[in-house]
Every structure is written in structure tokens, then in C-alpha cells.
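Some notes on the structure that comes next.
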Amino acid sequence: MKKHKNKLGQEIGFPVKNWQQRARPPRTSIQGQYCRIELFDADAHSRGLFAAFAQDSDHRNWTYLPYGPFAQLQDFRRWANTACTKEDPLFHTVIDNDTNRAVGMASYLRINPPVGVIEVGHIHFSPKLQRTPMATEAMYLMMRRVFDQLGYRRYEWKCDALNQPSNRAARRLGFSFEGIFRQATMYKNRNRDTAWYAILDHEWPAIKAAFAAWLDPDNFEDSGIQRNSLVMPSNNS
């Protein structure tokens, strides 16, 4: 990256010209070809999400989340009414277009409109959603809103450094690894070292093109099997 200096000869960050504070994410749905992203609604989504999450019989999907698992629907509903109805984190539900059923959750959080930084987190994909085109499209749709619609500069992904599926997912989706914050927090009575990933606005056009190529219907056999893997630009490997 080109170096910039002030009048004293000190190195400084590059100028951000004509910057204006960005808007917060809207509360509207995002429509895709395989799924849609809806703002979480406890009345509309709790029962479906609880049933979808219950297919994770050994509860492994809850291991790296600071809450859950929930034994009963009322327990999940009680948690959701407290944790999932705020402005930040702003929880969303992933809806399967074919079945119209809720199959997963994700949120925008640490939303910082003055400097254009936002994080995606609280990602919990049920077995019905994992390793499907819907799962990839859901992350793409949320990403596209951040960069194309809202004009943010930075999109973050953070996870437990020991959560290998989440670390692999971040890299596959185009996030660049930035380092590990040791002993960053604690949850479920254990330590968490946090791995940081991010996508920057100038990286987005190439990443968006990779998503578009992968999500193209021609990339899938009639059986739903992908013809070509999702390949991100080399500088985001």
C-alpha cells in the first residue's frame, strides 16, 4: 500500500475523501434465489428455528456459541426474546425459499456507522442449512447489503480460534485472517482466544464476482452438486 506522510514527514494513513457516516442496516428482507434473510421475529421464527436446531442431536453446533443448547422451545423463546430483539446485535433468520421454513440465524453486530465498520456473527446454521448453496448465499446476501447498499468500509468475522469449521468458513467466504487476540474473553466457563478476519471495501468487487460465478445456476448439476468450487482472489486465501 502506498505510504502517505504529513508535512512533518510522519507516515500517516491514506486520506478518506468525502466520507459521510453510513446508515444502519435496514430492517427489510433480502431476497436470494435459494433463501431470503428476514429480520428475526420471535413469533414467526422461534418454533421453526428450534425444530431445525434440534436436528443437531449431539449439540455440537452450540459448542462455540456463548449460549445454548436449549432443552425446550420455551427456553429458546425466552432467550430469543431477550437476546435477539435488539438493534445491536441485529439478528436475522435464514428462510429456505423452497420450504418457507426457518433454517438458521446470523446477525450484524458492533455496528459502527461513523467509520463504516460492521461485523457478522452469532452464526448458527442448522443441519438443514449447513453445506448447502443456501448457506453460502445467506452470507453473500448479508455481505452484499453491507458493501453495495450501505457502503461500509470493513466487514468483520470473529470466532474462537479453536473453532476450525468457522475459521475455514471465513477463509472460504473471502475473509482475510488478521491475527489472534489471546484470552480475549471467556464463555461457558472457559477461555476464548479470538481469531479476527475481515473483508475491505476495495476487496469486495473481486469477491462479489467469485460469489456470482459460484451461485450461477449453471454451476450446479440437476442433482444440486456444484461443478466448480468457490474460489476467492488469491490475496484473500
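Any chance you could run the full-extension gain for Asn6 through Asn81? It's 0.36 nm times the residue separation minus the Cα-Cα distance, nm to one decimal.
Extending this stretch completely gives an extra 22.0 nm.
Quick one: how many lysine pairs does the range 1-102 have with C-alpha atoms less than 23 Å apart and a gap of 8 or more or different chains? Give me the count, please.
Within the range 1-102, the lysine pair count is 4.
Place a +1 charge on the Cβ of each Lys and Arg in the chain and a -1 charge on the Cβ of each Asp and Glu, then give the dipole magnitude about the Cα centre in debye, rounded to the nearest 20.
Charge dipole of the chain: 940 debye, to the nearest 20.
If we sort 107-118, 187-198 on the protection proxy, mean other Cβ atoms within 10 Å, highest first, what's the order?
With the highest mean Cβ count within 10 Å placed first, the list reads 107-118, 187-198.
Where the only charges are on Cβ atoms (+1 Lys, Arg; -1 Asp, Glu), what is the dipole of the range 59-183 about its Cα centre, to the nearest 20 debye?
Approximately 220 debye in magnitude.
Reachable lysines from Lys158, Cα under 19 Å, same-chain residues fewer than 8 places away excluded?
Partners within reach: Lys188.
Output the relative contact order of the range 30-131, whole-number percent, from Cα pairs under 8 angstrom with separation of 6+ residues.
Once normalised by length, the contact order is 32 percent.
Quote to one decimal, in nm, the extra length available between Gln31 and Gln72 on full extension: 0.36 nm per residue of separation minus the C-alpha distance between them.
Between Gln31 and Gln72, full extension yields 11.7 nm more.
Can you compute the modelled spin-label distance between Gln20 and Ala54, with each label point 7 Å from Cα toward Cβ, in nm?
Result for the modelled spin labels: 4.9 nm.
Which one, Leu65, Thr93, Trp19, projects farthest toward the positive side of the charge dipole computed for the range 1-123 from Cβ point charges (K/R +1, D/E -1)?
Result: Trp19, furthest along the dipole toward the positive end.
Students often check this: by mean Cβ neighbours within 10 Å, which of 206-218, 122-134 ranks highest, and how do the rest follow?
Put in order of decreasing packing, that is 122-134, 206-218.
Enumerate the residues in the range 101-139 having an amide nitrogen under 19 Å from the point lying 7 Å beyond the Cα of Asp201 toward its Cβ.
109-120
Please report how far the C-alpha centroid of the range 145-172 lies from that of the range 90-128, rounded to the nearest whole angstrom.
11 Å
How far apart, in nm, are two points set 7 Å out from the Cα along the Cα-to-Cβ line at Ala212 and at Phe177?
Inter-label distance under the simple model: 3.0 nm.
Can you grab the distance from the C-alpha centre of the range 61-88 to the C-alpha centre of the range 192-217, Å, no decimals?
Cα centres, the range 61-88 to the range 192-217: 28 Å.
Suppose every Lys and Arg Cβ carries +1 and every Asp and Glu Cβ carries -1, with no other charges. What dipole size does the range 1-112 come out with about its Cα centre, to the nearest 20 debye?
Computed about the Cα centre, the dipole is about 920 debye.
Coordinate-derived values only; no laboratory data. Small disclaimer: the values here were computed from a predicted structure and weren't measured. Heads up, the Cβs are rebuilt from the backbone with ideal geometry, glycines too, and the neighbour counts pull from every protein chain shown.
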